[in-house]
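The block underneath contains the structure these notes are about, expressed in structure tokens.
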Amino acid sequence: MASSLLTAILSLTALSSAITIPRRDIESNFLKLPAVAVDKPQTQHEAKRQEVLPLANSQTGTRYIINFSIGTPPQSVSVALDTGSSDTWVNPTCSAAGIQDSIDLCNSFPLYDPSASTTSDDTGISISLAYGKGAAEVEYFTDDFLLGGTKVVAQQFGVASSSSDLPTGLMGVGPGIELTGYPTIIDQLASQGITNSRAFSLDLRDVDSSNGAIIFGGIDTMKYIGPLEKCPIIPAASAPDGFDRYWINMNSVGITKSGDIPKVYPDSSTPVFLDSGGTLSRLPTPIFNAIVADFPGATLDTSGSGLYIVDCSVASQSGTVDFAFGNTIVHVPYHEFIWFAGNNTCFVGVAADDSAPVLGDSFLRAAFVVYDQDNQNLHLANTADCGTNVVAIGKGPDAVPSITGGC
């Protein structure tokens with residue numbers, strides 16, 4: 001799904017990865033997939049669409065890569081997880097991936113060969129996919145997906161004939177069949193009985209963590225604090241951009257400086273779209289101006305990006321940027337909200353946007369979020385880590401367990 005670009009400066013960073021064996025709990029109807037985190041090479045115009053997966057993170061632009069297999073026999077693929085789109089596709093054109101580091105990153109991932117799979121079927125349908133940065137021409141196939149040892153039969157997905165400015169394919173976990181016209185991976189997991197319903201939880205973790213996860217059909221009660229706040233998803237007809245995405249209403253934004261009392265900005269209620277594909281958050285200009293005015297030592301970037309530079313040492317201060325949803329306030333520590341762009345350059349993790357406000361990774365690193373497509377709700381809490389206890393998401397209007405976080 002198309003989204004606007006931000007302008008910022010990113011240093012090139014080396015590829016880092018750590019492969020973890022996924023967990024499939026057949027009896028409990030959930031599927032937990034860790035992911036590898038790789039540094040995302042970018043030019044200064046690519047700050048918005050940073051596709052990333054559950055979950056290892058780093059202090060520069062990072063994309064979260066999910067590893068699984070397609071076909072018979074299984075062929076390994078690596079794609080980026082994106083809550084901002086709904087199509088899954090593979091095989092980006094590496095020669096057109098952008099700068100050399102993006103090309104090298106793209107070439108480090110395996111490609112899928114439909115002709116080498118006995119279960120592959122070409123639908124004969126082609127489509128153009130456009131993103132905030134990059135585009136792809138894909139042809140739809142169906143084939144079996146193997147996710148952590150669990151088979152999803154005859155999943156439809158795209159195989160790119162060409163793409164630009166995208167070093168990986170994507171696994172879109174946004175709202176499904178209403179947009180794509182075919183059952184997405186979230187739809188298929190539920191319809192094939194792997195999960196109880198079309199729901200998953202996402203836990204990006206903080207910039208210093210080496211772990212994170214997406215849990216299809218489940219939540220980990222030891223990864224958050226307090227209750228899960230239920231937030232109705234705004235229907236497309238009422239959404240700021242008119243699209244069926246993960247839009248919810250945010251009650252307010254504020255800041256708590258180190259040693260000060262919390263400050264709430266007036267008139268800071270706004271619809272927001274939760275997007276794991278965005279490095280930064282993007283908020284209406286009055287809210288943006290209030291945050292950067294209060295952020296310690298923030299100064300306008302003279303390169304014209306519209307962003308604010310901050311001394312990287314501010315990350316060690318104990319302040320938070322505070323986002324309120326119903327009775328829950330998600331407190332984002334400075335060290336999560338600051339974007340470490342490399343070369344000792346740090347930015348306040350927010351940009352101005354008066355058309356389609358987004359809470360990206362600078363917010364999501366501090367939030368545990370459950371995406372319930374069946375009931376059209378998101379559930380939010382402050383992230384934490386005090387062990388693991390995965391509980392299945394059920395069916396019906398109360399599918400997401402009302403369990404207070406164990407931390």
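The values are calculated or read from the model by the stated rules, or taken from the named source; none is laboratory data. Here the structure is a predicted model, which is why all the values come from computation and not from measurement. Cβ placement follows ideal geometry from the backbone for every residue including glycine, while neighbour counts extend to all protein chains displayed.
Show me the strands (runs of 3 or more DSSP E) entirely contained within the range 227-325 in which 1 or more residues are in contact (Cβ under 8 Å) with a residue 40 or more places away in the chain and of a type in the set (Phe, Trp, Tyr).
270-274, 320-325
Quickly run through the range 159-174 and pick out the residues that are surrounded by fewer than 24 Cβ atoms within 10 Å (Cβ to Cβ) and on the phi < 0 side of the Ramachandran plot. Reasoning before the result, please.
Our first condition is that a residue be surrounded by fewer than 24 Cβ atoms within 10 Å (Cβ to Cβ); within the range 159-174, this holds for 159-162, 164-165.
Scanning the range 159-174 gives Val159, Ala160, Ser161, Ser162, Ser164.
In the range 392-407, how many residues are surrounded by fewer than 17 Cβ atoms within 10 Å (Cβ to Cβ) and in a strand (DSSP E or B)?
Within the range 392-407, residues that are surrounded by fewer than 17 Cβ atoms within 10 Å (Cβ to Cβ) and in a strand (DSSP E or B) number 1.
Report yes if some residue within the range 256-272 is closer than 25 Å to Asp398 by Cα and either buried (at least 24 other Cβ atoms within 10 Å of the Cβ) or of a type in the set (D, E, K, R) (or both); otherwise report no. It would help to see each step written out before you state the result.
Step one: list which residues in the range 256-272 are closer than 25 Å to Asp398 by Cα, which gives 271-272.
When the remaining residues are screened for being either buried (at least 24 other Cβ atoms within 10 Å of the Cβ) or of a type in the set (D, E, K, R) (or both), the result is 272.
Within the range 256-272, one or more residues are closer than 25 Å to Asp398 by Cα and either buried (at least 24 other Cβ atoms within 10 Å of the Cβ) or of a type in the set (D, E, K, R) (or both).
Run down Leu378, Leu359 and say which single residue is surrounded by 17 or more Cβ atoms within 10 Å (Cβ to Cβ) and within 12 Å of Ser201 (Cβ to Cβ).
Leu378
Please verify whether the range 379-390 includes one or more residues that are assigned to a strand (DSSP E or B), modelled with pLDDT of 95 or more, hydrophobic (A, V, I, L, M, F, W, C) and closer than 21 Å to Gly217 by Cα.
Yes.
Checking the conditions here, which among Val390, Val369 is assigned by TED's automatic domain parsing to the domain that holds Pro286 and touching a Lys or Arg at 6+ places or on another chain (Cβ under 9 Å)?
Going through Val390, Val369 in turn, the sole match is Val390.
Are any residues in the range 355-378 modelled with pLDDT of 95 or more and out of contact with any strand residue (DSSP E or B) (no Cβ under 6 Å at 6 or more places or on another chain), and if so, which ones?
Residues satisfying the conditions are Gln373, Asp374, Asn375, Gln376.
Mind checking which residues of the range 110-127 are under 30 Å from the mean Cα position of the chain (by Cα) and either among the aliphatic types (A, V, I, L, M) or not assigned by TED's automatic domain parsing to the domain that holds Asn67 (or both)?
Leu111, Ile125, Ile127
Could you check the range 71-95 and list, in sequence order, the residues that are part of a strand (DSSP E or B) and among the β-branched types (Val, Ile, Thr)? Give the derivation first.
Pass one, the range 71-95, residues part of a strand (DSSP E or B): 75-82, 88-90.
Correct list: Val77, Val79, Thr88, Val90.
Could you grab the pairs with beta carbons closer than 7 Å, sequence gap of 6+ or different chains, first residue in the range 381-398 and touching a residue at least 60 places away in the same chain (Cβ under 8 Å), second one aromatic (Phe, Trp, Tyr)?
Ala381/Tyr224; Ala381/Phe368; Asn382/Tyr224; Thr383/Tyr224; Thr383/Phe368; Ala384/Tyr224; Val390/Phe30; Ala392/Phe30
I'm trying to understand the selection: among the residues of the range 204-226, which are touching a strand residue (DSSP E or B) at 6+ places or on another chain (Cβ under 6 Å) and not in a strand (DSSP E or B)? If you could, list the steps in order and put the result at the bottom.
We begin by selecting, within the range 204-226, every residue touching a strand residue (DSSP E or B) at 6+ places or on another chain (Cβ under 6 Å); these are 212-226.
Scanning the range 204-226 gives Gly212, Gly217, Thr221, Met222, Lys223.
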